[in-house]
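A short write-up of the structure that comes next.
Since every read-out is calculated from the coordinates, none of them should be taken as a lab result. Quick caveat, the model's predicted, so the values are computed rather than measured. No Cβ is skipped: glycine too gets one built from the backbone with ideal geometry, and neighbour counts run over all protein chains shown.
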Amino acid sequence: MTESPAAQAATPASPTTGTASPVETIDPVTIDRALKAKHRAMWASGDYPTLATDLIWSLGLVLVDAVGVRPGDRVLDVAAGSGNTAIPAALRGGEVVASDLAPELFEAGRRAARQAGAELEWREADAESLPFDDAAFDVVVSCVGVMFAPHHRRAADEVLRVTRPGGRIGLLSWTPAGYIGEMFRAMKPFAAPLPEGAQPAPLWGDEQHVRELLGDGVDEFEAHRGTVTVGHFTSPEEFRDYFKRNYGPTIAVYERIADDPDQVRALDEALVELARSHGLRAPGDALQWEYLLVTARRS
């Protein structure tokens, strides 16, 4: 997660009276815009489209299968990235809108869509304030995407709002106890504090948390855990360097501690140990990354 802007300016003494001048406050809308700008820059840094293609492209098809996209379905992919769910949904005949806060990711998605023969719309959109009408979609999905919106309740309410009654919702998120959840815990001592009101992304991988977010807005709530096998790396060090180079949240943490060699070294070691503890020691070893898949029907 990115660092929150300050909510208040300093209170300098008046040059004439020596008394404190009034506190200058920043309105919540300005704070939120600044936060979203930082999130957009974070996800645009590195090379998330390459990471998604190399490591987790298959999860998009898992999600499309789970919600049963059919020809003619109006489908919204929230926080779509470069389209690993949106493109398979379009190939199933869905009328798909791929939305994301970071439109910098769309060009890679458009190339992948052309290569696959898929037609879909790409739309810049904040998951916490979607620019779509109420009940506009038959299917709303998100694959390790909406989980990174900082305010979970807002994002969940938007998912519910744009899904038509009887429509299907599918959410695939990394679990707190799985590999990526552990990676975020390893980075936490080096990361900026969460912005006020924000919640940790891996909570979307906790079944009870998602049940509470969706509440009585859904029926037929189902959840199960699965894993994706990642055999891309030949050593723990290769995993660490790949994420330092390509993954926005990891890049942001390293940028924050760049002037402290001891902290950089400690985080380097923590990420190597994470991979090693999950069985990545030599070429041929694979990692198992756990996710929670939730499907539900809009009530």
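Starting from the Kirkwood Rh over alpha-carbon pairs, what translational D in µm² s⁻¹ does region 75-204 have by Stokes-Einstein at 25 °C and 0.890 mPa s? Value of D from the Cα-based Kirkwood radius: 161 µm²/s.
For region 179-220, backbone nitrogen atoms closer than 16 Å to the point 7 Å from GLU273 Cα along Cα-to-C-beta are found at 182-191.
Each 10 Å bin from zero holds the following percent of Cα-Cα pairs in region 104-173: 19, 46, 31, 4. For a straight C-alpha distance cut-off of 12 angstrom, the aspartates and glutamates reachable from LYS244 (same-chain residues fewer than eight places away being disregarded) are ASP47, GLU255, ASP268. Counting other Cβ atoms within 10 Å, keep those with at most 15, restrict to DSSP loop, and tell me which GluC sites (Glu not before Pro) in region 75-167 are left. Sites meeting the loop and neighbour criteria: GLU119.
Sorting the segments 197-206, 231-240 by their mean number of nearby beta carbons within 10 angstrom, highest to lowest, gives 197-206, 231-240.
Rounded to the nearest whole Hz, the Karplus-based 3J(HN,Hα) values (6.51 cos²θ - 1.76 cosθ + 1.60, θ = phi - 60°) of region 140-157 follow the sequence 10, 10, 7, 10, 6, x, 4, 4, 8, 5, x, 10, 4, 4, 4, 5, 5, 4, with x at glycine and proline.
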